[in-house]
Amino acid sequence: MKLAVLTAGGDCPGLNAAIRAIVLSAHADGNQVLGIGHGFKGLAGPDLRDLGPEEVDGTIAQGGTILGASSFDPFREDAVDAVRETLDRESLDAIIVIGGEHSMEIARRLEVEHGLPTVGVPKTIDNDVVGTDLTFGFDTAVQIATEAIDRLHTTAESHDRVMVVEVMGRNTGWIALWSALAAGADAVLIPEVERTVPDLIETITRRHESGKDFSIVVVAEGATLHTAPGVGERVTISAREDHYGYERLGGIAVELARLLDAGTGFEVRATILGHIQRGGSPTSTDRVLATRLGNTAYEAVRNGDFGVMAALRGAETTLVPLAETAGVKKVDPEMVSLADRLGII
Ligand code: F6P
């Protein structure tokens with residue numbers, strides 16, 4: 001068999017581990033793998049190269065993607081014919097698409113609307129892909145955010161300050177909630193739960209009145225800044241959307257810090273972690289998950305099982321139809337209840 005693999009959308013730690021698993025599993029069966037440069041752009045390009053065990057040797061610990069990534073969407077760019085031509089010319093038996101929810105939708109449409117053999121592998125620090133319990137990249141991002149919050153804790157305590165730390169996650173609060181719980185934050189703001197600024201001001205003021213002179217507030221970039229119940233806005237860094245049509249989120253920590261400073265009278269500082277959460281070496285959990293999902297996707301290809309996504313359900317890897325991966329996976333209500341019980345949400 002001859003299969004191709006691409007990494008689409010934003011990068012995340014673990015992509016190379018997934019590519020490596022696909023290459024090693026395919027080569028163990030005597031099959032050939034081509035690497036596609038810069039996501040779907042390289043499929044339309046075309047930009048293809050042979051990927052063998054030597055090319056993936058030593059990549060499991062590397063962040064980013066050896067293939068390059070982009071948010072090129074063949075449907076938006078009118079490039080589906082070019083994609084088909086590449087498949088025909090190269091006699092490709094399958095394409096493995098490693099991507100987030102938008103890339104899974106592209107993979108689904110290529111399969112359903114154009115009969116092209118695709119299999120998906122979910123990745124993203126946001127952990128928002130429907131159909132899988134976890135995406136790789138998430139554990140690393142939570143680890144990075146937790147370490148950063150731990151550091152902010154010590155300086156907050158020294159200076160009696162309120163530290164507002166903004167984490168990524170797009171329209172979901174997975175990274176925010178997990179890192180807030182892991183680092184013992186005092187308050188967390190996520191897109192899934194409406195919490196007003198006056199309520200936060202009251203929480204912080206009460207905490208300081210009870211003898212604690214510092215506070216740590218974690219805010220998800222996609223949270224709404226509610227100045228009153230039902231009244232609020234999201235903060236973006238640009239009026240322009242990205243290639244996939246998403247808002248460019250960022251900066252809510254600065255706005256929130258300004259309001260908390262005015263509302264509490266305490267000294268407040270804002271930190272935006274940004275793309276640091278996406279860079280560097282993956283955690284061992286992400287390396288192993290990426291390896292498992294990469295191998296599961298390869299096995300789907302070998303069995304002629306297309307239009308599916310490799311997924312983690314409970315402790316097992318499995319395949320789910322791409323048609324069942326539409327939408328955005330919101331945070332687990334059980335974890336919201338836990339945060340509520342601890343008084344941080
Ligand atoms: O989807 C991953 C993510 O890092 C989001 O958390 C964030 O909103 C977005 O990508 C940032 O995208 P870009 O790299 O295009 O700025």
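Sort out which residues of the stretch 255-286 are surrounded by fewer than 16 Cβ atoms within 10 Å (Cβ to Cβ), within 16 Å of the ligand (Cβ to nearest atom) and of a type in the set (A, V, I, L, M, F, W, C), and write them in order of number. Listed by number, the list holds a single entry, I276. Determine whether D128 is assigned to a helix (DSSP H, G or I), in the same structural domain as A310 (by TED's automatic domain parsing) and of a type in the set (D, E). No; evaluated as a whole, the condition is false for this residue.
For the stretch 102-114, the criterion of being at negative phi, in a loop (DSSP other than H, G, I, E, B) and surrounded by 19 or more Cβ atoms within 10 Å (Cβ to Cβ) is met by no residue. Evaluating R287 against the criteria (1) of a type outside the set (D, E); (2) free of Cβ contacts under 8 Å to residues at least 12 places away in the same chain; (3) touching a Phe, Trp or Tyr at 6+ places or on another chain (Cβ under 9 Å) leaves one unmet condition, (2). Could you please find all residues in the stretch 5-25 being more than 30 Å from M168 (Cα to Cα) and either charged (D, E, K, R) or surrounded by 24 or more Cβ atoms within 10 Å (Cβ to Cβ) (or both)? Within the stretch 5-25, just V23 meets the criteria.
Across the stretch 131-180, the number of residues qualifying as more than 30 Å from E209 (Cβ to Cβ), in contact with a strand residue (DSSP E or B) (Cβ under 7 Å, 6 or more places away or on another chain) and not in a loop (DSSP other than H, G, I, E, B) comes to 2.
Scanning the stretch 58-81 for residues that are more than 27 Å from H275 (Cβ to Cβ) and surrounded by fewer than 17 Cβ atoms within 10 Å (Cβ to Cβ), we see that the one that is nearest to the chain's Cα centre (by Cα) is D78.
Residue-by-condition table, conditions (1) at negative phi; (2) within 16 Å of the ligand (Cβ to nearest atom); (3) of a type in the set (K, R):
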| position | (1), (2), (3) |
| --- | --- |
| R20 | yes, no, yes |
| L24 | yes, no, no |
| A28 | yes, no, no |
| G58 | no, no, no |
| G63 | yes, yes, no |
| A82 | yes, no, no |
| T86 | yes, no, no |
| V97 | yes, yes, no |
| G100 | yes, yes, no |
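Any residue at all in the stretch 132-146 that is in contact with a helix residue (DSSP H, G or I) (Cβ under 9 Å, 6 or more places away or on another chain), more than 16 Å from the ligand (Cβ to nearest atom) and farther than 17 Å from R278 by Cα? Checked against the condition, which is being in contact with a helix residue (DSSP H, G or I) (Cβ under 9 Å, 6 or more places away or on another chain), more than 16 Å from the ligand (Cβ to nearest atom) and farther than 17 Å from R278 by Cα, the stretch 132-146 yields no hits at all. Against the condition farther than 29 Å from G99 by Cβ, outside any helix (DSSP H, G or I) and away from the ligand (no atom under 16 Å from the Cβ), how does G343 come out, does it pass? When the stated conditions are applied, G343 passes them.
Only one of P229, P191 is loosely packed, with under 14 Cβ neighbours inside 10 Å, at pLDDT 95 or above and of a type outside the set (S, T, Y). Can you tell me which?
P229
Please indicate, with yes or no, whether at least one residue in the stretch 313-321 is in a strand (DSSP E or B), polar (S, T, N, Q) and either at pLDDT 95 or above or over 21 Å from G35 (Cα atoms) (or both). Looking through the stretch 313-321, at least one residue is in a strand (DSSP E or B), polar (S, T, N, Q) and either at pLDDT 95 or above or over 21 Å from G35 (Cα atoms) (or both).
The values are calculated or read from the model by the stated rules, or taken from the named source; none is laboratory data. If you're wondering where the values come from, they're calculated on a predicted model, not measured in any experiment. Counting neighbours? That spans all protein chains shown, and the Cβs are built from the backbone with ideal geometry, glycine included.
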